[in-house]
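Visitor: Encoded as structure tokens, here's the structure I'll be asking about.
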Amino acid sequence: MVNHLRKTLFIRFSKMKDTQEYIDLREKCLIISILKLCLPMYLKKYEKKINSNKFGKKSIEVDFLLRNKIKCGYCGYSVMSDSGTAHNGEKKYYYKCRGRKAKLNDCHNKPVRKEVLEKIVIDSVIKELSNPKTRDYIVFKLMEIQEERAKKNVVLNLLQSEKRTTETAINNIMSAIEQGGSTNTAMKRMRELEQRQDELEKHIAIEKSKTVAVLTKKEINNYYEKALQLNPKLLVNYLIKEIVLFEDKIEIYYNSPIPTNPDESRGFSFASEVIEISYSIPFRKYKANLIYTVIMYIQ
Ligand SMILES: [Zn+2]
């Protein structure tokens, strides 16, 4: 097989000898021979570089606490981890909008230093949840939502009562028909009642789906006490549903300890504060300064 291939190539080469194509091919072959000689040398060098770059290897393991929780407030793409090396060789880590990083759009949202953003988020979450006034407000609002839901149960009770009345009315008409008292009016009334009964069943099913277990004030407080005892990574996973990042604003959406209904609003806001943070940048005389308005919601 190999011999046959060689023979074919030889014939092809003889035919095209001294043509431009032949000269080009000969050059290519020469390059390949040189590469064959040099490649092992290059590979060894490359291997050495990888092994010496231990810091680079570790960078993959850098823990981005807010990973998978942030999205860009401008373009809606997720905000992902990014890194760069400073002039002094120090590796820096960032949170950067995916739309901007992958050039998927012309999003202008600037990258934020990893440790800076994580500090703002974790500190403000702990600060607000440890504040008794904020906690009281959260508990008050959550209890209010639960009470509203309980009121909807009154609606459920009314619907069930109407369904019982309709059933009795249908049964009465049925007996009247059986006793030979069938009239067009009675038949029409029965069809109306049956239609109403179908509607009631649908409404009852909807209201029943909204019925959820009610938490006490103590249980809601315990939920937050438990969260505050967790390490930052678990705290973020347990409490935070989503963070929306703007250049001057951070919206933090918390999970709700009470189950949420899809037809309810986006939740309520319980804290808003302006946070200023400054940090030094290598080879720069002045410190960088960031000001964010942090707004918190429970969904
Ligand atoms: Zn963006």
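Visitor: Of 249/287; 163/241; 92/285; 92/133; 133/241; 114/141, which ones are farther than 29 Å apart at the Cα?
Guide: Checking Cα-Cα distances, 163/241; 92/133; 114/141 exceed 29 Å.
Visitor: Please give me, ordered by residue number, the chymotrypsin sites (Phe, Trp or Tyr not before Pro) of the range 181-248 that lie in loop per DSSP and have at most 15 other Cβ atoms within 10 Å.
Guide: Filter output for the range 181-248: 246.
Visitor: What's the exposure ranking of 156, 239, going from fewest to most Cβ atoms within 10 Å? Write down the numbers at each step before the final one.
Guide: Details: 156 16, 239 20.
So the residues, fewest neighbours to most, are 156, 239.
Visitor: Here's another thing I want to ask about it. Highest mean first, how do 293-299, 187-193 rank when packing is the count of other Cβ atoms within 10 Å averaged over residues?
Guide: The packing order, highest mean first, is 293-299, 187-193.
Visitor: Summing Lys, Arg as +1 and Asp, Glu as -1, what charge do residues with Cβ under 14 Å from the Cβ of residue 232 carry, residue 232 excluded?
Guide: Cβ neighbours under 14 Å give a net charge of +2.
Visitor: Sequence-distant or interchain residues sharing an amide H contact under 5 Å with residue 249, placed H: which?
Guide: The answer is 293.
Visitor: Could you check the spin-label model distance between residue 108 and residue 197? Points 7 Å from the Cα along Cα→Cβ, value in nm.
Guide: 6.5
Visitor: So what J values fall out for the range 88-105 if you push phi through Karplus, 6.51 cos²θ - 1.76 cosθ + 1.60 with θ = phi - 60°, rounded to Hz, Gly and Pro as x?
Guide: 8, x, 6, 7, 10, 10, 9, 9, 9, 4, 5, x, 6, 4, 8, 6, 7, 7
Visitor: In the range 83-150, what GluC sites (Glu not before Pro) fall in a loop by DSSP, with at most 15 other Cβ atoms inside 10 Å? Walk me through the numbers before you get to the answer.
Guide: Values: sites: 90, 115, 118, 128, 144, 147, 148; in loops: 90.
Sparse-neighbourhood loop GluC sites (Glu not before Pro): 90.
Visitor: Computed FRET efficiency, Cβ-Cβ of residue 247 and residue 162, R0 51 Å: what is it to the nearest 0.05?
Guide: Computed FRET efficiency for residue 247 and residue 162 comes out at 0.40.
Values in this text are rule-based calculations from the coordinates and carry no lab data. This one's a predicted model, so the numbers in the text were calculated from it and none came from an experiment. Cβ: placed from backbone, ideal geometry, glycine included. Neighbour counts: every protein chain shown.
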